[in-house]
1. When the solvent-accessible surface of protein heavy atoms is calculated with a 1.4 angstrom probe, in what order do H147, H173 fall, highest first?
2. Name the residue farthest towards the positive end of the dipole of the chain from the options A184, L213, A155, assuming +1 on Cβ of Lys and Arg, -1 on Cβ of Asp and Glu, about the Cα centre.
3. Please report, to two decimal places, log10 I(q)/I(0) for segment 126-260 at q = 0.15, 0.19 Å⁻¹ as given by the Debye formula with identical point scatterers on the Cα atoms and no solvent.
4. Kindly give Rg over Rh for segment 82-151, based on alpha-carbon atoms, with the Kirkwood expression for the hydrodynamic radius.
5. In square nanometres, what is one fourth of the surface area of the convex hull spanned by the alpha carbons of segment 45-100?
6. May I ask you to work out the translational diffusion coefficient for segment 6-139 at 4 °C, viscosity 1.567 mPa s, via Stokes-Einstein with Rh from the Kirkwood sum over Cα pairs, reported in whole µm²/s?
7. What number, rounded to the nearest 500 deg cm²/dmol, is the helix-based mean residue ellipticity at 222 nm of the chain, given -39500 (n - 2.57) per DSSP H run of at least four residues and division by all its residues?
8. Specify the inter-centroid distance of segment 183-224 and segment 265-304, based on alpha-carbon positions, in whole Å.
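The values are calculated or read from the model by the stated rules, or taken from the named source; none is laboratory data. Predicted model, so just to flag it, every value in this text is computed and none were measured. Don't worry about glycine lacking a Cβ; one is built from the backbone with ideal geometry, like all the others, and counts go over all protein chains shown. Heavy atoms of the whole protein, side chains included, go into the accessibility calculation; ligands, DNA and RNA do not. Shrake-Rupley method; radii C 1.70, N 1.55, O 1.52, S 1.80 Å.
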Amino acid sequence: MTVDLAWYALLGLFFGAYLVLAGYDYGVGLLLARGGGPAGRRAALTALGPFFLGNEVWLVAAVGILFGAFPILEGELLSGCYPAVAGALAGVVLVTAGVQLRSRPTDERIRARWDRVVVVGSVLAALGWGVLLAALLQGVPRQADGHVAGVSHLATPFAAAAGLAMVALIAVHGATFLTLRLPAADAAVVGRSARRLVPVALTAVALATVVGLLSARVRESVQRPAVAVLLPVLLVAALLVARAALARRRPGWALVATGAALALPVALVGAALWPYVLVSTTDPGASLTVADAAASAPTLRLLGWVALPLLPALLGFQAMCWWVFRGRTDGRAPVYW
């Protein structure tokens, strides 16, 4: 494995882990819109509390790898996909601020306003990351001078469909997380909601797949069609496994399945585009390969001394959080598997 490929895989690992872990943050945020009263919203955020800030660290690490190991790609993503990236980051900020600040006022009306901020932020984050992945898969109008022309490539039916599919997947993931954490009586209610959301997510994935197959941009940008076709197949399989596990009251297996559904797009989009990371829809010669986007080999080796201890530290932190705060919020242990 070459050094640039190893860093490309590491970037995908960190961003995929972020979507899986922070995905249930945003999923819980989306579910605040369904009501449930102040007590229900408070219980949902209490279930999320111990994991919330730690999940965002994976995004910081992924951005650090992007800046250090792939500076050219970082510049092109920020300029060519600015609305999607800015929208997603704005959503992250709104969710973080809303969750932190809603607990301070005692007036339930003010808390309800912060809850709406969390809902809006969750929608923006889910849509933004979904549109960004769609933009990578369908290609960007990169010119011979090395710059992406405009942002109109984000306003496509496929980008919209992919963004909505990401929102649906994150909503299912958040509901599944709550079935694992809330008291048994409340978890049963949320479990029914999660099962009802699975067909919605399946429909959204099917819509994005059809739109993608009909899109000439997607067909021309994908370098490995077999891998691209595998993505919706595996997504459907993961969602069906999640629904079956929820029906059998095995929230642990269901959460693993919904987490896989959020990690799969990152892995398979990267594999479908390889050896390119940005495919130009206007000038094939301007397409950016992973090797061209990566920093120099000495820089990557130097960064390796930072990344090597970082990954086990993050994994250890997440394992510790899940071990310390395992079980339901009422102190009872769920049947995970």
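1. On the way: H147 110, H173 5 Å².
Solvent-accessible surface, decreasing: H147, H173.
2. It is A184, whose Cα lies furthest towards the positive end.
3. Values returned for q = 0.15, 0.19 Å⁻¹ are -0.73, -0.99.
4. Working: Rg = 16.7 Å, Rh = 13.6 Å.
Ratio of gyration radius to Kirkwood radius for segment 82-151: 1.22.
5. Working: hull surface 16.5 nm².
In nm², the orientation-averaged hull projection of segment 45-100 is 4.1.
6. Details: Rh = 15.6 Å.
Using the Kirkwood radius from Cα pairs, D works out to 83 µm²/s.
7. Working: 13 runs with 260 residues, N = 337.
Mean residue ellipticity, 222 nm, calculated: -26500 deg cm²/dmol.
8. Measuring centre to centre over Cα atoms gives 27 Å.
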